[in-house]
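The values are calculated or read from the model by the stated rules, or taken from the named source; none is laboratory data. These numbers come from a predicted model, not from an experiment. Here the Cβ is made from the backbone with ideal geometry for all residues, glycine too, and neighbour counts use every protein chain on show.
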Amino acid sequence: MASLTLPDHGKTLPIGKSTRQASIELARFGQGPVNSLLIGGVHGDEPEGYLFAERFKKELEDGSLQLPEHVSLFICPRLNPDGCAVDRRTNARNVDLNRNLPTKDWTVDFTNPRYFPGLSAGSEVESEITVTLIESLKPTMIMSLHSYEHAMINYNGDCLDLAEAMAKSNGLPPKSDIGYPTPGSLGTYAGWERAIPTITLEILRGQLPDDAYSQHKGAVLDGLAFYKK
Ligand SMILES: [Zn+2]
């Protein structure tokens with residue numbers, strides 16, 4: 001099994017390179033026993049997610065935001081830096097990274113080019129990095145930040161209680177089903193197939209960054225610290 005060198009508290013390390021050789025980075029805050037993982041920028045045309053992740057990271061760095069002691073939080077603000085650089089959903093090979101993970105239900109079939117799953121499961125370097133990251137970190141929970149016209153707390157795995165705790169703070173509906181099938185997604189790979197509670201926070205598409213940050217900061221913090229062990 002592949003493994004990664006994980007960063008120490010307060011440090012950021014590269015964990016791999018994208019298709020176009022951009023650095024993919026992982027930061028760590030805290031030294032508690034519970035590893036939580038926050039991911040942004042899987043879809044490069046959803047800046048609501050990666051801008052939130054970057055601001056959250058910055059506030060942890062400058063001390064304006066603090067984590068409970070039981071948590072070690074790992075943040076990968078831009079998993080798809082090539083897509084983020086050109087405001088494109090997919091990676092540089094036109095693959096939807098949230099359809100490319102090696103799940104049991106992965107399929108080469110797709111209905112819309114936006115959801116092109118790649119030619120084989122886990123074919124993309126960004127997907128390999130995701131798999132290695134999860135295997136190395138063994139996170140207690142994962143949260144991935146996206147945006148959608150129907151804002152919601154999409155939860156995968158046995159974690160309605162986690163989604164409900166976040167909902168108290170941000171007012172969004174918890175939903176286990178986003179409304180269409182998502183083979184090869186992180187929720188299926190980690191949440192359903194590996195029993196790692198996984199939240200896909202769908203921030204309202206087009207919401208201004210300041211508004212998104214005020215609405216979700218508390219919910220994200222509560223979610224990342226929800227599990228005590
Ligand atoms: Zn998305």
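Do we find a residue being among the β-branched types (Val, Ile, Thr), at pLDDT 95 or above and either closer than 21 Å to residue 19 by Cα or touching a His at 6+ places or on another chain (Cβ under 7 Å) (or both) anywhere in region 55-73? No - not one qualifying residue is present in region 55-73. The set of residues in region 203-220 being over 21 Å from residue 68 (Cβ atoms) and among the small types (Gly, Ala, Ser) consists of 206, 212.
Anything in region 35-45 that is buried (at least 24 other Cβ atoms within 10 Å of the Cβ) and in contact with a Ser or Thr (Cβ under 7 Å, 6 or more places away or on another chain)? List them, or say none. Once the filter is applied, which keeps residues that are buried (at least 24 other Cβ atoms within 10 Å of the Cβ) and in contact with a Ser or Thr (Cβ under 7 Å, 6 or more places away or on another chain), region 35-45 yields 36, 39, 42. When 99, 88, 78, 28 are screened for being free of Cβ contacts under 8 Å to residues at least 60 places away in the same chain and under 22 Å from residue 191 (Cβ atoms), only 78 passes. Number of residues in region 87-123 that are away from the ligand (no atom under 16 Å from the Cβ) and hydrophobic (A, V, I, L, M, F, W, C) equals 5.
Annotation: of all residues in region 5-34 being on the phi > 0 side of the Ramachandran plot and more than 17 Å from the chain's Cα centre (by Cα), the one that is surrounded by the fewest Cβ atoms within 10 Å (Cβ to Cβ) is 21. Quick check on residue 49: is it in a loop (DSSP other than H, G, I, E, B) and either under 20 Å from residue 156 (Cβ atoms) or away from the ligand (no atom under 16 Å from the Cβ) (or both)? So residue 49 fails the test.
Taking the conditions exactly as written (buried (at least 23 other Cβ atoms within 10 Å of the Cβ), in contact with a helix residue (DSSP H, G or I) (Cβ under 6 Å, 6 or more places away or on another chain) and not β-branched (Val, Ile, Thr)), does residue 97 satisfy them or not?
On the way: buried (at least 23 other Cβ atoms within 10 Å of the Cβ): yes; in contact with a helix residue (DSSP H, G or I) (Cβ under 6 Å, 6 or more places away or on another chain): yes; not β-branched (Val, Ile, Thr): yes.
When the stated conditions are applied, residue 97 passes them.
Can you tell me which residue is nearest to the ligand (Cβ to nearest atom) among those in region 175-229 that are hydroxyl-bearing (Ser, Thr, Tyr), out of contact with any strand residue (DSSP E or B) (no Cβ under 7 Å at 6 or more places or on another chain) and not in a loop (DSSP other than H, G, I, E, B)? Break it down stepwise before answering.
Step one: of region 175-229, the residues hydroxyl-bearing (Ser, Thr, Tyr) are 176, 180, 182, 185, 188-189, 198, 200, 213-214, 227.
This time we only want the ones that are out of contact with any strand residue (DSSP E or B) (no Cβ under 7 Å at 6 or more places or on another chain), so: 180, 182, 185, 189, 213-214.
Keeping just the survivors that are not in a loop (DSSP other than H, G, I, E, B) gives 189, 213-214.
Numbers: 189: 15, 213: 18, 214: 21 Å.
So the residue we want is 189.
Figure legend. Inter-residue proximity from region 56-67: first residues within 19 Å of residue 143 (Cα to Cα) and aromatic (Phe, Trp, Tyr), second residues modelled with pLDDT of 95 or more and in a loop (DSSP other than H, G, I, E, B), beta-carbon distance below 8 Å, spacing 6+ or different chains. Indicated pairs: 56/65.
In region 134-151, what residues are within 16 Å of the ligand (Cβ to nearest atom) and not polar (S, T, N, Q)?
Going residue by residue through region 134-151, those that are within 16 Å of the ligand (Cβ to nearest atom) are 142-151.
Those that are within 16 Å of the ligand (Cβ to nearest atom) and not polar (S, T, N, Q): 142, 143, 145, 146, 148, 149, 150, 151.
So for region 176-187 (the condition being within 21 Å of residue 87 (Cα to Cα), at pLDDT 95 or above and either buried (at least 21 other Cβ atoms within 10 Å of the Cβ) or of a type in the set (Asp, Glu) (or both)), does at least one residue qualify? Checked against the condition, which is being within 21 Å of residue 87 (Cα to Cα), at pLDDT 95 or above and either buried (at least 21 other Cβ atoms within 10 Å of the Cβ) or of a type in the set (Asp, Glu) (or both), region 176-187 yields at least one hit.
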